[in-house]
Amino acid sequence: MKKIKKIINLKNKRPIVCLTAYSKPFAKILDKYCDIVLVGDSLVTAMLGMKDTHNVTIETMIQHGISVKSNLNNALCVVDMPANSYKSIKQAKKNAELIFNQTKCDAVKVECNGRNYDIIKSIVDIGIPVMGHIGFTPQLFKKFKTQGTSEKNHYKLLDQANRNQEAGVFSIVLECVNTATAIEITKLLKIPTIGIGASVNCDGQILVTDDMIGLSGFYPKFVHKFINLNNIIEIGIKKYRKAVLSKKFPKKKHTF
Ligand code: KIV
């Protein structure tokens, strides 16, 4: 709970730095630079090539959650609840407990479909911190669409943000939310807003790591490629191929 309070206290102090990780090597690097590391269900699209996150299993999230959390010392670890794991209060509590106990994560993330406030509250009530997620919620939608642009949708999002806070979330992801709506939600809430495609006005920012390092091949408008790892990896693979074909690898020093 100390770690959760630390995140909440960052609101209005400095931007909160968040990224996704699915494995040990990334967790180890991100731990040095991020306040929050999310084991997002985006792992199945970014890493496994699935077309959406609709059919992620709880076993997958737990396996990657363990790998990430066991390699974090400082950053807060949040694990996504898979789409089909919180259809009822009973199921949500059981699965949140399973993820929390097995991965030893600090919190779970629940996407808001505009209905599941009682589900969020029931998880918070058993002592498991929850991060909310509104706007474009990939478990529900199929295609990217900016949220909050119509007046009706703007007020719907304000209401959802407020009800998430009332249900007890400690922070909330705003995905693909237009700037004016993100500003108003950020002002309205006491808890931090974490934006992805929701402008610099949020209390923090998150991106899918594989997108921002140029690995996933998925680059929507809100992603900036901070490095193109795809090219760097290709250079290494090409060198390997050349060395194998020319018999320059392995050398004596690599041999027993
Ligand atoms: O699954 C994920 O990576 C996410 C982030 C995009 C917020 O939910």
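With the requirement that a residue be out of contact with any helix residue (DSSP H, G or I) (no Cβ under 9 Å at 6 or more places or on another chain) and either aliphatic (A, V, I, L, M) or buried (at least 19 other Cβ atoms within 10 Å of the Cβ) (or both), what does the stretch 1-17 give you?
If the condition is that a residue be out of contact with any helix residue (DSSP H, G or I) (no Cβ under 9 Å at 6 or more places or on another chain) and either aliphatic (A, V, I, L, M) or buried (at least 19 other Cβ atoms within 10 Å of the Cβ) (or both), then Met1, Ile4, Ile7, Ile8, Leu10 are the ones that fit.
Would you confirm whether any residue within the stretch 38-56 is at pLDDT 95 or above and more than 12 Å from the ligand (Cβ to nearest atom)?
Among the residues of the stretch 38-56, not one is at pLDDT 95 or above and more than 12 Å from the ligand (Cβ to nearest atom), which makes the answer no.
Within the stretch 213-230, restricting attention to residues that are aliphatic (A, V, I, L, M), more than 11 Å from the ligand (Cβ to nearest atom) and surrounded by 13 or more Cβ atoms within 10 Å (Cβ to Cβ), which residue is nearest to Lys28 (Cα to Cα)?
Out of the qualifying residues, it is Ile213.
Suppose we filter Ile233, Ile191 for residues that are away from the ligand (no atom under 14 Å from the Cβ), surrounded by fewer than 22 Cβ atoms within 10 Å (Cβ to Cβ) and not in a loop (DSSP other than H, G, I, E, B); which single one remains?
Ile233
The conditions are (1) outside any loop (DSSP other than H, G, I, E, B); (2) at pLDDT 95 or above, and Ile227 fails exactly one of them. Which is it?
(1)
With within 16 Å of the ligand (Cβ to nearest atom) and either touching a Ser or Thr at 6+ places or on another chain (Cβ under 9 Å) or in contact (Cβ under 8 Å) with a residue 24 or more places away in the chain (or both) as the only criterion, which of Ala167, Ala182 stands out?
Of the residues listed, the single one that is within 16 Å of the ligand (Cβ to nearest atom) and either touching a Ser or Thr at 6+ places or on another chain (Cβ under 9 Å) or in contact (Cβ under 8 Å) with a residue 24 or more places away in the chain (or both) is Ala182.
I'd like to verify a number: residues in the stretch 29-45 that are of a type in the set (Phe, Trp, Tyr) and touching a strand residue (DSSP E or B) at 6+ places or on another chain (Cβ under 6 Å), how many?
0
Only one of these conditions is not met by Ala161: (1) within 14 Å of the ligand (Cβ to nearest atom); (2) without any contact (Cβ under 8 Å) to a residue 60 or more places away in the chain; (3) among the small types (Gly, Ala, Ser). Which number is it?
It fails just one condition, (1).
Exactly one condition in (1) at pLDDT 95 or above; (2) surrounded by fewer than 22 Cβ atoms within 10 Å (Cβ to Cβ) is false for Thr149; which is it?
(1)
Does Cys18 meet the test of being under 22 Å from Pro138 (Cβ atoms), assigned to a strand (DSSP E or B) and touching a strand residue (DSSP E or B) at 6+ places or on another chain (Cβ under 9 Å)?
yes
The values are calculated or read from the model by the stated rules, or taken from the named source; none is laboratory data. Because the structure is a prediction, the values reported are computed rather than measured. All Cβ positions, even for glycine, are placed from backbone atoms using ideal geometry, and neighbour counts span all protein chains on display.
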